[in-house]
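Note sheet for the following structure.
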Amino acid sequence: MLAKLIVAGTVGALIGAAVVASAAPELNLRGGRFKPPTYAQLNPEQKAYVDKEIAEGRNPGPNGPFNITLRSPQVAEMGRPLTEYLRFKAPMERKLKEIAVMLTARFWGGQYVWYSHRQQALDAGLAPAFISAMAAGERPANMTPDEATVYDFVIELLQTRQVSDASFKAMVDRFGERQLVEMLALMGHFHTLTMMFVVDKYPVPQGGPDEIKAPR
């Protein structure tokens, strides 16, 4: 009888430890001005959001905006479907999206977004020389017609806060109105993200290739 009680007590303790572990995950977050919290420091809404993310297989990690957007679980949760659509499901070719993302990051001197998207841009098919030219504020050489149309449109919009009829027509003729609107939405999304990282002073590895500064 005593042995059964000991076994039962041991099993109960193990179950209890498992419950505690699952209820209080170790957050591996990184931030600057927004100090990374522990799970115990989260409010009930934040805990519910973290628990849901973990249950759905999206474990919080140190990279990306999770530590920042955790301050508003509503913004984080409602923004994720739009982010996933614009980045991965919207029909515009991936490398063209990366041109818009990286030029938007450069507009703010957003080193983390630039750093994190540089390899993604390479994987999507942008040449290293193309990326280096954008980092230096120069018009890349040897662009395809698609690349040139997107680059010129985005640069004009960012530099002048306007778009000429000719640039608008060039985009619509080549990609259609839907892809133009979705590219603008993507840029708007990365304006928001880049501002978050800039305000946070999010830590970025030093010495990465093609470091950027905000244009003067």
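The values are calculated or read from the model by the stated rules, or taken from the named source; none is laboratory data. Note that the structure is a prediction, hence the values are computed from the model and not measured. Every residue, glycine as well, gets a Cβ built from its backbone with ideal geometry; the counts of neighbours run over all protein chains shown. Areas reflect the complete protein model, heavy atoms only, side chains present, ligands, DNA and RNA absent. Shrake-Rupley method; radii C 1.70, N 1.55, O 1.52, S 1.80 Å.
Just for region 78-98: of the residues that are open to solvent by 20 Å² or more (accessible area, probe 1.4 Å) and not in a helix (DSSP H, G or I), which one is nearest to ASP152 (Cα to Cα)? Steps first, please.
Of the residues in region 78-98, the ones open to solvent by 20 Å² or more (accessible area, probe 1.4 Å) are 78-85, 87-89, 91, 93-95.
Checking the rest, the ones that are also not in a helix (DSSP H, G or I) come to 91, 93.
Values: PRO91: 20, GLU93: 16 Å.
Top of the filtered list is GLU93.
Residues checked against (1) at pLDDT 95 or above; (2) within 24 Å of PRO205 (Cβ to Cβ); (3) open to solvent by 60 Å² or more (accessible area, probe 1.4 Å); (4) assigned to a helix (DSSP H, G or I):
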site: ALA13; (1), (2), (3), (4): no, no, yes, yes
site: GLY16; (1), (2), (3), (4): no, no, no, yes
site: SER22; (1), (2), (3), (4): no, no, yes, yes
site: ARG30; (1), (2), (3), (4): no, yes, yes, no
site: ARG33; (1), (2), (3), (4): yes, yes, yes, no
site: PRO36; (1), (2), (3), (4): yes, yes, no, no
site: ASN59; (1), (2), (3), (4): no, yes, yes, no
site: GLY64; (1), (2), (3), (4): no, yes, no, no
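Go through (1) within 17 Å of ASP210 (Cβ to Cβ); (2) assigned to a helix (DSSP H, G or I) for MET187 and report which single condition fails.
Tallying (1) within 17 Å of ASP210 (Cβ to Cβ); (2) assigned to a helix (DSSP H, G or I), MET187 fails exactly one: (1).
Which numbered condition trips up TRP108, out of (1) open to solvent by less than 60 Å² (accessible area, probe 1.4 Å); (2) touching a residue at least 60 places away in the same chain (Cβ under 8 Å)?
(1)
Among the residues of region 160-185, which ones are touching a residue at least 12 places away in the same chain (Cβ under 8 Å), open to solvent by 70 Å² or more (accessible area, probe 1.4 Å) and among the polar types (S, T, N, Q)?
If the condition is that a residue be touching a residue at least 12 places away in the same chain (Cβ under 8 Å), open to solvent by 70 Å² or more (accessible area, probe 1.4 Å) and among the polar types (S, T, N, Q), then no residue fits.
Which residue out of VAL101, VAL75 is within 15 Å of the chain's Cα centre (by Cα) and open to solvent by less than 40 Å² (accessible area, probe 1.4 Å)?
Numbers: VAL75 fails: open to solvent by less than 40 Å² (accessible area, probe 1.4 Å).
Going through VAL101, VAL75 in turn, just one is within 15 Å of the chain's Cα centre (by Cα) and open to solvent by less than 40 Å² (accessible area, probe 1.4 Å): VAL101.
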